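Colleague: First the structure, then my questions, so here it is.
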Amino acid sequence: MAVSGIGRRLVWGWLVCMLPLAQAGELRVHVGDVNSVAVADAVVSLSRIGGNSAVARKAPAVMDQHDLRFVPFVLPIQVGTAVTFPNSDNVRHQVYSFSPAKRFELSLYAGNHTSSVLFNQPGIVTIGCNIHDWMVGYVIVLDTPYFAKTGSDGVARVNDVPAGVYEVHLWHPRIDGAAARVVDEHLVLTGAPMERSFQLKLGPPDQSNVPPAGLEMGLGHRMHPHGT
Amino acid sequence: MELRFRTRMTVLLLGLFALVQLSTFLAFYFATRQSAVTQAQTRLESGARVFSSLMDARGAQLLDAVQLITSDFGFRQAVATGDTPTIHSVLYNQGHRISADLVVLSGLDGQVVASLDAAGHPLEVGDWPKLLRQAERSQQWSSVSMIGGKPYQLVIVAVKAPTRIAWLGMGFALDDKLARNLKDLSRLEVTFVARRDQGPIWVRSTLPAMDVGQATSLLQSTSTAPIEGTPRLSRIGQDDYFTLWQPLQAADEARVGAVLQFSRELALHTYQSLERELILIALLSLVASVFGGLWLSRHVTRPVSRLAVAVRRIEQGNYDLDVGVDREDELGALADSFNRMQRGIAQREQQIAHQAHHDSLTSLPNRASLQERLDRAIEAAKAHGQTLAVLMLDIDRFKEINDTMGHAIGDRVLIEMGQRLRSSLDDRDMLARFGGDEFVVLLEGRSGEELEHAAEALCQTATLPIRVDAMELFLDTSLGMAIYPEHGATAEDLLRRADIAMYDAKQAHVRMQVYQTGRDAMHLYRLSLVNDLRRAIPNGEMELYYQPKLNLNSRKVGHVEALVRWNHPQHGLIPPNDFVPLAEHSGIIRMLTDWVMHEVIRQCAEWSDQDLEIGIALNLSAMDLSCGELPEVLSSYLAKYDVDPARLILEVTETAVMRDAVYALEVLNRLRDCGVQLAIDDFGTGYSSLSHLKRLPVNELKIDKSFVLTMADDSDDAVIVRSTIELAHNMGLKVVAEGVEDARTLEMLRGFHCDIAQGFLISRPLPVKQATAWLLQSQLNTFDACGMGNQLSEA
C-alpha cells in the first residue's frame, strides 16, 4: 500500500493535465501506522492548488464532554465554524485552549454552554479542561472544506471533492510536531473515486482523553445520553 | 631459698593476675573494636537509609512543588502565551517557597525559557535538551544531574495544556547545606562527590579535611572496589573514618554519590573511656595485686623464714626465744610445735647437761663437773694467792654392804651420805660424788684451822649411824686431804694425793689424813704391787711359812699357823701386812685364800703321810667371810686330800666378824658344820663385845700379840691377858697367845692357864721344809725349857 513516491506523482500530474475538469468525486484515504494498523482520528484534508475553494458548509460543530472526555476526540472543521462545547456530564468542566489558532476559556460550567466558540483562524486548537487534566480534544481548523477523519477502520472518506490538483494534508494527535503533515503535494482528482493509503509514524500519546480507570464510577449524565 | 620462694610466689601470683588482666583486656579490646566496626556499620547503614529517605522526601517535595506549579491554570496560561514576566515570577515564587536551588522552564524543544537559582538570578543550565531527552520518556522524571558542574537532585515535569507545552525542572543542589542537614539527621559525616566523565570533581563535605584530592581517591577507590555495604576504613586528615559509598541515580553517566563516614574515633569514643577505665582498673588492680602478692608471700614466707631462723637458732643451741609466729593457721600451729619442740629440746638438753654434770643417784655433781670446778678454782686460787683443799672421803668396806645387803641398800646409804655431807658444808663448798662410795669435797678460801674443823665436821657427820629401814648401820669413813698449792698444782695431782691420803688414813685406821709429801711414791709402789700380785700365785711366788703353836698343857706342838709370804722377783720377800691389804683392796684376796686353803690341806695330807698329825691354822680375811662359797670349797679340798677337818683351824679377826655380823655368823656356822675349828684372831684390838663373841661358833681365841709382847713388863696388859684367858675359858674357848718371845712370858701364860703359845720363843715361821724337820724333831721332845724352842727354830 505504499504509494507515496515521486515517480507516481509525476504520472498522476500528467494524467490530471490531460483530463478536462470533471464532476466531484470521493477520495478514500487509508491511514495506517508503521505497522499498518489502522489509525483512527486521523484528519485528512485537501487544499486545492490553483483555484478557489468551494463554498464552505460552515455548519455548527459540537464537541461534547461526555464521560469525562471530549467527544469527539478530534473535530475537524472549516474556518469560520462555530463549535459548541456542551457538558453531558454531571460534573462541571472548564474548557480552554491556549492554542495560537484559537485561545478561549469557557469558565466552569455545567450543562450546555450557551455560547459557541467561533474558530476563524486555521490551525490546530488543543482543547483541555482545566479540571480534568487528562481530557484533551482537538479542533482542527482547516481553510478547506475537503476533509475527513478516519474511523476506527483507519479509513477517511472525503466526499464531493471537485476534480483538480490538491495538496493532501494528514494530521493526527500523535504525529511528530504540532502542524499537519503534507502527505501529497500534488494529488490530482478527476472526480472519479480514488483511494490512497498513507502511513503515519506516530509517537506515544501525549494525552489520551481517557479518564483514569474507575473514575467514571458514580458519574452520571446530565443531558441526553450518547450512545456508547 | 626463702627469697626465691617469695619471689617465685609473687611472680606466679602477678603473672597469673597479669595474664587474666591481659586476656580480659584483649578480649575487651577486640570486642570493642569489633563492636565499633559493627556499630559503625549499623550507623552507616542507617545513615544510608536516612540519606535515601531524605533524598526521596526531597524528591517528593520537588515533585509536589513542580506539580503544584504545572497544574496551575494561570501558569499554564502564561507558559502557553509566552508571558515571560509572569513565568519568572511564578517560578521564583514557587522555587523560593521550597527553597529550590534551581528552577528551569523550557520549551518542548529544550529551549530554555527561564532558569533561576535560589536567589532568583538567571542560571546557566548547560545542556538542558540532553536532560530533556531523558525526561521526555515519562511525564515526570527525577534524577541527580550535573548542571553547570554542580549536582542537583532534579525533577522535570511536563507542563500540559492539556498536551505538553513545556518542561519545568526544579532541583535541590547537593551542597554543604544538604550535607549539614543530612549530618544533623544521621550524625554522620557527609560528603557529596560528583563528576561527569573526566570533568572536574565536585566535592561538598561536612569534613573540613575533605578536599578534592581525598575525594578523588575515594571516588577512584569506589570505582575499583565497591564499598557499598561494607564500611571501609579511610584516613581523612588526621582521623580514620568508616566509609560507606552511597551512589545516587545520576543522569549523563555522571558518578554522583554521598560518602557517608563515621569517625572511628567517635565509634571508639565510648569504648575509649571504657577502655581507659578498664586500663585504670587493670593498673590499679595490678598494683593492688603486687601489694597483695607481696603481702601474701610475706604473710606465708615471713613465718617460714622465721621458722628457718628459729631452726638455725635451735641448731646453735639457743632455746630462749619463741619462733614468734602468732597465727591461727597451720603455720601458727607449726610455730607452736616448734616452740614446744624447742622447749622440749631445751628441757632434755638441760636434763642431759645435768646428767652429764651430776650423779644420777645422789644428784650431786659428778667427777667431770668436779674436775671443771676444780680447774677453775685452781685458776682462781692461783690468781688470788689463796689456798684450796680437796677432801676425798669413802666409806670403809662399802663393797660389803652392797654384797651382803644388796645394792638398793647400798644406794640408799650413798644418798644418805651425800645428803649428810652436803648439809655439813657451806653453799660455796662443792661436794661431788667421785664414783662408787667416794665423795670429794672442794673447800676454798679456808685457813688451815678452818680446814681441819671442816674436815672434822665431815667425819663426824659421816660416821653417825645410818638408819636403813629397821637397821642401823655404823659406818666408818676415811678422809684424805690435799691442799693447793702445797700438795699439788693441778686438779689431777690434788685428787690423786687426796686419794692417797685417804688410803693412808684407811691403812692407819684413822678417820682423816692430810697428804704427806712423798706418799704418792709409796702409793705408786703399792699400785705396782697390786699388778704384780695378780701374777704372784700363778708364778709360784707365794710361799707358806709355818709357825708352830705350843700346847702349854701337853708341852707338845700339835698345830702350826700357816703364814703366807711373797717372794717378789724384784722387791724380795714382802710381808703379809704389806700385800694382804692390797689383795683385799683389789679383790685378789679370794684367790689368795683359795690358794692358801688348798696348800694347807695338801700340806696336812703330806704331813700325815709322814706321820705328822699336825693341825694347821690359816687366816681368813673379812672378805672371805662375805663369800658364801667358802664352806663348799673348803669341804671339797678336805675331801680331795682326805684330811680330817678337825685338823684345820680357820682364824678370823674380830673386826672381820663385826663388819657384817649376820652374814659372817652364817658363814662361820656353815664352816663349823664342815667340822673345822674356828678361832678369833687378834682379839682385843676390835670393839667386839663378849656377848657378841658368845654367839660365834668359835673354838679358840687368839690374844693379840700387842698385849702379849708387853705383858711381862706391863701389869695392865698382864691383867687384860689373864682376864681374857679366864673369860674365854668361862665361855668354853681355848686361848692362844701370840707374840711369845721370852720364857718369862711363857711362864706367865702358863700361870694364867693359857692353852697355847705361839711366838719366836717357840719358833719363827718356817718354810715348809724346815717346818717339817722342826716338827719331826719336836715329836721326839717335849717343851720343858724355854731354850729348846730357840734351838729348834735356829735349826
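Colleague: Which residue is nearest to B:Phe474 (Cα to Cα), if the candidates are limited to segment B:631-661 and must be touching a residue at least 12 places away in the same chain (Cβ under 8 Å) and acidic (Asp, Glu)?
Modeller: B:Asp660
Colleague: Could you list, in sequence order, the residues of segment A:69-90 that are of a type outside the set (S, T, N, Q) and in a strand (DSSP E or B)?
Modeller: Selection gives A:Arg69, A:Phe70, A:Val71, A:Val74, A:Leu75, A:Pro76, A:Ile77, A:Ala82, A:Val83, A:Asp89.
Colleague: Now for a separate question. For the list (1) surrounded by fewer than 22 Cβ atoms within 10 Å (Cβ to Cβ); (2) assigned to a strand (DSSP E or B), I need the number of the one condition that B:Ala166 fails.
Modeller: Only one criterion is unmet by B:Ala166, namely (1).
Colleague: B:Gln355 versus (1) assigned to a helix (DSSP H, G or I); (2) surrounded by 14 or more Cβ atoms within 10 Å (Cβ to Cβ); (3) without any contact (Cβ under 8 Å) to a residue 40 or more places away in the chain: which is the lone unmet condition?
Modeller: (2)
Colleague: Being in a helix (DSSP H, G or I) and surrounded by fewer than 19 Cβ atoms within 10 Å (Cβ to Cβ) narrows it down to one of B:Leu91, B:Leu62, B:Leu14, B:Leu44, so name that one.
Modeller: B:Leu14
Colleague: Out of A:Gly177, A:Gly111, A:Gly137, A:Gly191, I need the residue that is outside any loop (DSSP other than H, G, I, E, B) and either within 14 Å of chain B (Cβ to nearest Cβ) or modelled with pLDDT under 85 (or both). Which one?
Modeller: After ruling out the rest, the residue left standing is A:Gly137.
Colleague: Moving to a separate point now. Quick one: is B:Ile69 within 14 Å of chain A (Cβ to nearest Cβ), in contact (Cβ under 8 Å) with a residue 60 or more places away in the chain and assigned to a helix (DSSP H, G or I)?
Modeller: yes
Colleague: Looking only at segment A:73-108, count how many residues are closer than 14 Å to A:Gly137 by Cα, away from chain B (no Cβ under 12 Å), crowded, with 22+ Cβ neighbours inside 10 Å and polar (S, T, N, Q).
Modeller: 1
Each row is one residue, and each column tells you yes or no for (1) surrounded by fewer than 20 Cβ atoms within 10 Å (Cβ to Cβ); (2) of a type outside the set (Phe, Trp, Tyr); (3) not in a helix (DSSP H, G or I).
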{"residue": "B:Asp493", "(1), (2), (3)": "yes, yes, no"}
{"residue": "B:Ala505", "(1), (2), (3)": "no, yes, no"}
{"residue": "B:His509", "(1), (2), (3)": "yes, yes, yes"}
{"residue": "B:Gln513", "(1), (2), (3)": "no, yes, yes"}
{"residue": "B:Tyr525", "(1), (2), (3)": "yes, no, no"}
{"residue": "B:Val530", "(1), (2), (3)": "yes, yes, no"}
{"residue": "B:Arg534", "(1), (2), (3)": "yes, yes, no"}
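Colleague: Do we find a residue being over 26 Å from B:Thr42 (Cβ atoms), away from every other protein chain (no Cβ under 14 Å) and acidic (Asp, Glu) anywhere in segment B:185-202?
Modeller: There is at least one residue in segment B:185-202 that is over 26 Å from B:Thr42 (Cβ atoms), away from every other protein chain (no Cβ under 14 Å) and acidic (Asp, Glu).
Colleague: If I filter segment B:83-102 for residues that are within 14 Å of chain A (Cβ to nearest Cβ) and touching a residue at least 40 places away in the same chain (Cβ under 8 Å), do I get at least one hit?
Modeller: no
Colleague: Which condition breaks for B:Gly74 when tested against (1) within 14 Å of another protein chain (Cβ to nearest Cβ); (2) in contact with a strand residue (DSSP E or B) (Cβ under 6 Å, 6 or more places away or on another chain)?
Modeller: The number of the failed condition is (2).
Colleague: Among all residue pairs at least 6 apart or on different chains, which show Cβ distances below 6 Å where the first residue, located in segment B:384-405, is farther than 22 Å from B:Arg511 by Cβ and the second is part of a helix (DSSP H, G or I) and hydrophobic (A, V, I, L, M, F, W, C)?
Modeller: So the pair list comes out empty.
Colleague: Restricting to segment B:536-561, and then to whatever is in a strand (DSSP E or B) and of a type in the set (Asp, Glu), can you tell me which residue is farthest from the chain's Cα centre (by Cα)?
Modeller: Restricting to residues being in a strand (DSSP E or B) and of a type in the set (Asp, Glu), the top hit is B:Glu561.
Colleague: All but one of (1) in a loop (DSSP other than H, G, I, E, B); (2) among the charged types (D, E, K, R); (3) within 14 Å of chain A (Cβ to nearest Cβ) hold for B:Glu124; which doesn't?
Modeller: Condition (3) is where B:Glu124 drops out.
Colleague: Quick test of your reading of the structure: B:Gln779 fulfils all but one of (1) in contact (Cβ under 8 Å) with a residue 24 or more places away in the chain; (2) surrounded by fewer than 17 Cβ atoms within 10 Å (Cβ to Cβ); (3) farther than 24 Å from B:Leu544 by Cα. Name the failing condition by number.
Modeller: Single failed check for B:Gln779: (3).
The values are calculated or read from the model by the stated rules, or taken from the named source; none is laboratory data. The structure displayed is predicted, hence computed values, not measured ones. Backbone-built Cβ (ideal geometry, glycine too); neighbour counts: all protein chains shown.
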